[in-house]
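The values are calculated or read from the model by the stated rules, or taken from the named source; none is laboratory data. All values derive from a computational prediction rather than experimental measurement. All Cβ positions, even for glycine, are placed from backbone atoms using ideal geometry, and neighbour counts span all protein chains on display. Side chains are part of the model used for accessible areas, which takes the heavy atoms of the whole protein and leaves out ligands, DNA and RNA. Shrake-Rupley method; radii C 1.70, N 1.55, O 1.52, S 1.80 Å.
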Amino acid sequence: MDFANTPSFFRSGPPPGARLAMAVAASVALLVGDSYFGLMEQAREATSLALYPVQRAVNMPAQAMRHVSDFLSSQTELKQENTALRARQLEMSAQLSRLQTLQRELDEVRKLNGIKSSYHQQALMAETLYTGRDPFSYKIIIDKGSDANLKAGQPVVDASGLLGQVTRVQPLTAEVTLVIDKNQMVPVMVARTGQRAILYGYGGGVEIRYLPQSADIKDGDHIVTSGVDGVYPAGIPVARVTRVERNQGATFARIATAPLAGVQQTRYMLVLGDKQAPPRPPEPAPIVKKSRGGKKAAAEE
């Protein structure tokens with residue numbers, strides 16, 4: 001720039017070299033004064049305070065981007081964790097169901113082992129394979145047959161009471177007709193009074209028929225086998241009375257009962273052996289009498 005030709009009103013103040021020298025000197029003085037005496041501390045604090053809103057405004061877009069990125073990352077992680085937790089919950093629910101089933105079966109087997117010793121005849125534990133194919137009959141197929149010396153007519157019980165009896169035997173399996181089948185009849189008695197009756201299945205349930213109106217029976221009475229037929233041992237729980245109706249003019253009372261055994265859900269059961277007849281008493285010894293001649297003679301009683 002040609003300062004010689006510059007108008008006088010543009011050439012006010014010291015020359016550039018002097019200005020540079022004064023600026024350098026002022027900078028050195030400020031550095032030395034700030035280092036030893038802290039002259040610029042308050043100025044820096046005031047400047048920082050004044051520039052803080054500007055810094056926040058400048059950094060706001062970057063912070064917003066970071067927050068958005070963190071939010072999206074958190075949502076993705078939460079979805080993944082939620083999916084994993086749901087899968088884990090389903091797995092644990094399935095395991096819990098299996099454990100509950102095993103616990104129920106274990107309790108059932110323990111009860112059967114406990115009551116097995118209460119019968120004086122031989123009892124064989126069996127497991128349900130499947131139900132009968134006829135939808136109008138109530139029969140189950142068990143995993144024991146003639147290979148285990150099973151015979152038709154043997155009673156079958158579970159941990160709660162009478163299930164039915166064996167009606168057909170195959171080499172490896174057997175058919176059990178439940179007490180709720182329409183063709184089943186069981187001689188029973190009221191445990192409280194000893195009143196004898198016949199329990200009939202009607203296809204899905206059981207009831208007592210042909211009991212006179214004056215019979216001493218009421219709601220809640222327990223029905224057990226009477227043992228008079230020679231098939232079912234006496235005292236096996238069979239049903240519980242749920243309703244007694246005595247209608248005027250009717251000859252017999254109408255008695256509704258509910259089976260005690262798990263006729264629709266039992267998996268394990270006991271097949272009782274043939275009823276053992278009591279042993280024959282020993283023959284009495286012959287009575288020996290003395291004759292007049294001093295000789296002994298045997299006389300029949």
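Expressed as a whole percent, the accessible area of the range 176-283 that falls on carbon and sulfur atoms is 49 (1.4 Å probe). First measure r as the distance between the Cβ atoms of Glu81 and Thr101, then evaluate 1/(1 + (r/R0)^6) with R0 = 51 Å and state the FRET efficiency to the nearest 0.05. Rounded to the nearest 0.05, the efficiency is 0.95. Straight Cα distances below 15 angstrom link Lys182 to the aspartates and glutamates Asp134, Glu207, with same-chain residues fewer than 8 positions distant left out. Relative contact order of the range 35-186: 13 percent, from C-alpha pairs under 8 Å at least 6 residues apart in sequence. Given their separation in residues at 0.36 nm each and the Cα-Cα distance between them, Tyr202 and Arg56 gain 43.9 nm when the chain is fully extended. In summary, the aspartates and glutamates within cross-link reach of Lys79, defined as a Cα separation below 16 angstrom excluding same-chain residues under 8 places away, comprise Asp70. Once the 1.4 Å probe is applied to the protein heavy atoms, the range 86-236 comes out at 56 Å² accessible per residue. Each of Pro135, Ala152, Val169 was scored by the projection of its Cα onto the charge dipole of the range 83-174, and the greatest displacement toward the positive side belongs to Pro135; charges sit on the C-beta of Lys, Arg, Asp and Glu.
A simple spin-label model places pseudo-atoms 7 Å from Cα toward Cβ; at Glu91 and Ala234 they are separated by 5.9 nm. Between Asp143 and Leu72, residue separation times 0.36 nm minus the direct Cα-Cα distance comes to 19.6 nm.
In the range 75-174, carbon and sulfur make up what percent of the accessible area (probe 1.4 Å)? C and S atoms contribute 53 percent here.
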